[in-house]
Amino acid sequence: MDSDWKLHKRILNFTVITSHKGEDIGKLVEVCLNNWGIDKVFTITVDNASSNDGAITYLKKRMRGLNQLMFNGEYLHLSCGCHILNLIVKDGMKGFECCCSRDSQCSLKFSKVFDRMADKDVHYSNYFNDKTKMLEIEKKTADLRDPVLARVAASMKLKFDKYWGSSEGVNKLIFVANVLDPRWKMEVIKTSFSTVGCSDEKPNVAELNGAARLVNVDVEEEENDIITIIMRRRKEAKLVEISNEVDKYLNDPPLFTYDKQFNILEWWKMNAVIYPTLSKVAKDVLAIPCSTVASENAFSMGMRIVDPFRSCLTPKMVEALVCSSDWLKGEEISFYRDPTKEELGTYAECEEIETRTAALQIAAQGATN
């Protein structure tokens, strides 16, 4: 995220892995980070493959020793939310396989009828618009009237509990990001915890205060005790200031808006003057990708590049094509903006070089003649 609160995504590397072992993947990521000079890492978003867990374990062990992790790697591992939802739905669909295979042909025959009912029959539309939203896994597991749906709900509940059943296994930065939404603040966290039956687990604002340590500069211990005490007191005063700013943000009334186009980054940009320290925390937290969809799209792009007619491309050439395409698409090109001073200077240097080259060519031709 840049200074203007614009979120950017770039593919830095597109490399071939030697194996699917977690340690080998971790080593490759480490090489990519070192080549780009990235010496501080906050989070790494991966899907739930066991090899990725091994890669995170390797990176945490290596980078922790080099002091390259924020918060000592406590929030390094972030699971892809889309992948978890995909796994939950897949487990649920397994229970419908026997029914779907039998009824799919009948459903296809009457597909046009369903479309007409959606347009003409108000009760039909209301049923699917309202009732499906009321579908709850917990209730359906105990509903014996439909054993198939109860079995499906039970399998989905098991998968849900595996990843999101307890707040202990969830990266706490997800809670911090929810609190940093000015429309809801602590309301979503409190309501969600009570809804899923975790009312005894009270979300602590200390998590937000802990994330605020991002803006503090680590001070090495000095041999002089007086200097150490002064620096420690300065850090304590800074933490008190952050705490007061957090309290002010939470006590301020939430933003009442139902606009689907609401841009949370624009809101923090406009209110950075009111919450100067907390806005820095928001810039770091809200820049974290919560899914690996972007990286999956990169693999799809790679498959389009390495087609049967270009299967002899080297890995380096494929990486160059994928990264160049991604970077060019990421830039917002405008032909009508005024050039900057640096660009004007570059243009002047290019013209000067071209003029000198032309003069040398003319002189060489005159000497030849």
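The values are calculated or read from the model by the stated rules, or taken from the named source; none is laboratory data. Computed from a prediction, not measured in an experiment: that's the story for all the values here. All Cβ positions, glycine included, derive from the backbone under ideal geometry; neighbour counts span all protein chains shown. Heads up: the accessible areas ignore ligands, DNA and RNA and are worked out on the full protein's heavy atoms, side chains in. Shrake-Rupley method; radii C 1.70, N 1.55, O 1.52, S 1.80 Å.
Report the residue count in region 40-82 for those that are among the acidic types (Asp, Glu), in contact with a His (Cβ under 9 Å, 6 or more places away or on another chain) and open to solvent by 40 Å² or more (accessible area, probe 1.4 Å).
1
For region 19-39, check the following and say yes or no: at least one residue is over 22 Å from residue 319 (Cα atoms), open to solvent by 30 Å² or more (accessible area, probe 1.4 Å) and touching a residue at least 60 places away in the same chain (Cβ under 8 Å).
no
Has region 16-33 got at least one residue that is more than 24 Å from residue 65 (Cβ to Cβ), at pLDDT below 85, touching a Leu at 6+ places or on another chain (Cβ under 9 Å) and among the polar types (S, T, N, Q)?
No, region 16-33 contains no residue that is more than 24 Å from residue 65 (Cβ to Cβ), at pLDDT below 85, touching a Leu at 6+ places or on another chain (Cβ under 9 Å) and among the polar types (S, T, N, Q).
For residue 262, state whether it is at pLDDT 85 or above and either closer than 24 Å to residue 188 by Cα or touching a His at 6+ places or on another chain (Cβ under 9 Å) (or both).
Values: at pLDDT 85 or above: yes; either closer than 24 Å to residue 188 by Cα or touching a His at 6+ places or on another chain (Cβ under 9 Å) (or both): yes.
So residue 262 passes the test.
Quick one: how many residues across region 25-49 are among the aromatic types (Phe, Trp, Tyr) and either in a strand (DSSP E or B) or farther than 27 Å from residue 177 by Cα (or both)?
1
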